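Beneath this line is the structure, given in structure tokens, with notes to follow.
The values are calculated or read from the model by the stated rules, or taken from the named source; none is laboratory data. Keep in mind the model is a prediction, meaning the values are calculated, not measured. Ideal geometry is used to build each Cβ from the backbone, glycine not excepted, and the neighbour counts take in all protein chains shown. Accessible surface areas use protein heavy atoms only, side chains included; no ligands, DNA or RNA. Shrake-Rupley method; radii C 1.70, N 1.55, O 1.52, S 1.80 Å.
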Amino acid sequence: MSGAYLLALDQGTSSSRSIVFSRDGRLVAQAQREFTQHYPQPGWVEHDLEEIWQTQLATAHEALQRAGLQAQDIAAIGITNQRETTCLWNRRTGQPLHRALVWQDRRTEPLCQQLRTEGLAERLRERTGLVIDPYFSATKLAWLLEQVPGARAAAERGELASGTVDSWLLWRLTGGQVHATDASNAARTLLFDIERDAWDDTLLARLQLPASLLPSVHPSAHPFGHSDAALFGAPIPITGIAGDQQAALFGQACFRPGLAKNTYGTGCFMLLATGSERRHSQHGLLTTRAAQAGATPQFALEGSVFIGGAVVQWLRDGLGLIRSSSEVQALAESVPDSGGVSFVPAFAGLGAPYWDANARGAIVGLTRGSSAAHIARAALESIALQSTVLLQAMNADAQRSGTAALQELRVDGGAAVNNLLMQFQADLLGIPVLRPEVVETTAFGAAGLAGLGAGLYSGLDELASLWRVERRFEPQGSRDQAAEHLARWEQAVRQARTR
């Protein structure tokens, strides 16, 4: 059937991927390419925007080729992306002015501290739902205008465009015809009023950011434009965009308030859907815009772990304990537990609920009997421990608002295929952990939004029917054991925060 497939472009922190889905949600073909991580100074992380575009385009072609499909077979393209990563380019030439500043980048902490000192934290939280942190895009964009020669003057002349990675990809896909984003990405910039649904002039003025830099903002399922015919042989509608975590929440069919998911990627990101109602957290979580399929804004509570699956990459590339990431489960399973070792991977500070930009990584509890296997197990456990702290904060907020505590957690992302990690997660949480048949829920969320935008699906009920459980991890062990793990974790966190 012509036009019955969807192409999801999943631009992540460490790789660009493209996945073709059939109308019934089945993964037909995929392609993936890693790209270079640049670390100019400690705490600085950058990506080459041209490399991001080229790897994304190449994987799109590869996925279509592997599926045996052509442009006319694709009903629509959906884009999902690493959020907060900040891009700046010339509108006329399309050339980037600087490498992208990645969400993990901490260089703007001095500016963030200045904003906090000015007493702006509460006002920004009220308008944007966020805390003042280098994680978000606003101070990154301010840094680029200040540090790149000629950038501020060019921006004031209206010659530059900025945005998150979705805006960059949309610009390139449409041959420079469309400069836009969706509400879920805009909500991660620290510049977007999530209730007024508009860029905030006061915040732009404080950071001296010309409004002409910013993309137009639309719902996540929306006719954004068409790909340039030269790219795939014919134009393809682009009808879905969402930041990766909101796309995953959507792809997990968390359409009702009270449903939550955790994505185990480079970082870990737990989102709780709150529907059309904005909820305020008293426990260090963020209020953010969820993917928006219709005219009504949608909201979620979010907690972020900066270093999740990236800790496994560090075991591979930094310590050389494993040759490939897939080896970590076997190494960790070669010992019954971590032998008292705790690993706090605060390589880029700690996210929610701690929000400590100055924390640094720590491996504690080492003895003469500690081995590479104990460190590997502690590294894996750190992913689940950080996520457990997030869920406890969400439950506390839920109970405060009179909502029932979470009864299950839906999981996805690369590290969600690790059975040891998922079982440990269920043991810590004391609730079932559900892994779907298609763990590429971020990409499927983008595809689903694109399908809605293109009229391929009738509505959310049809999309919800496509979500299927592959494995259910039930909690094992006692709650006392879980409490001991968490107490040891918090002790290790205290050491990581002492500098």
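Quick one: if the Förster radius is 41 Å, what FRET efficiency do Gln72 and Gln95 give, using the C-beta to C-beta distance and rounding to 0.05?
0.80
Accessible area per residue of the range 271-333 at 1.4 Å probe, in Å²?
37
With every protein chain left in place, what is the accessible area per residue of the range 348-478 in square angstrom, probe 1.4 Å?
On the way: 4630 Å² over 131 residues.
Counting only protein heavy atoms, the per-residue value for the range 348-478 is 35 Å².
Rounded to the nearest 0.05, what FRET efficiency do Gln208 and Ala487 have when you use their Cβ-Cβ distance and R0 = 45 Å?
0.45
For the range 420-461, taking Cα atoms only, what is the radius of gyration to one decimal and the Dmax to the nearest whole Å?
15.0, 42
Given Cβ point charges of +1 (Lys, Arg) and -1 (Asp, Glu) and nothing else, what value in debye, to the nearest 20, does the dipole of the range 339-409 about its Cα centre take?
260
Which value results when the Cα radius of gyration for the range 227-348 is divided by 2.2 N^0.38 Å?
On the way: Rg = 19.3 Å, N = 122, 2.2 N^0.38 = 13.7 Å.
Here the answer is 1.41, to two decimals.
Taking N as the number of residues in the chain, what is its alpha-carbon radius of gyration divided by 2.2 N^0.38 Å?
Scaled against compact globular proteins, the figure is 0.92.
Measure off, as a whole percent, the carbon and sulfur share of the 1.4 Å-probe accessible area of the chain, all protein chains present.
Details: 8760 of 18230 Å².
Answer for the chain: carbon and sulfur cover 48 percent of the accessible area.
Hey, got the dipole for the range 2-94? About the Cα centre, +1 on K and R Cβ, -1 on D and E Cβ, debye to the nearest 20?
With only Lys, Arg, Asp and Glu charged at Cβ, the dipole is about 260 debye.
When Rg is the radius of gyration of the Cα atoms in the range 148-295 and Rh is its Kirkwood radius, what does Rg/Rh come to?
Using only Cα positions, Rg/Rh for the range 148-295 is 1.00.
Positive end of the charge dipole of the range 251-350 (Lys, Arg +1 and Asp, Glu -1 on Cβ, about the Cα centre): tell me which of Ser342, Gln292, Gly318 has its Cα farthest that way.
Going by the charge dipole, the pick is Gln292.
Which value, in debye to the nearest 20, gives the size of the charge dipole of the range 266-365 about its Cα centre, when Lys and Arg are +1 and Asp and Glu are -1 at the Cβ?
Details: 6 positive and 7 negative charges, 58 e Å.
Magnitude of the dipole: close to 280 debye.
Quick check: residue separation of Gln65 and Thr117 times 0.36 nm, minus the Cα distance between them. What number comes out in nm?
13.3 nm
For the charge dipole of the range 441-499, defined by +1 on Lys and Arg C-beta atoms and -1 on Asp and Glu C-beta atoms about the Cα centroid, which residue among Thr441, Ala454, Gln491 has the Cα displaced farthest towards the positive pole?
Gln491
Sort largest first and round to whole Å: the equivalent ellipsoid semi-axes of the range 401-499, each the square root of five times a Cα gyration tensor eigenvalue.
Working through the eigenvalues yields semi-axes of 34, 16, 14 Å.
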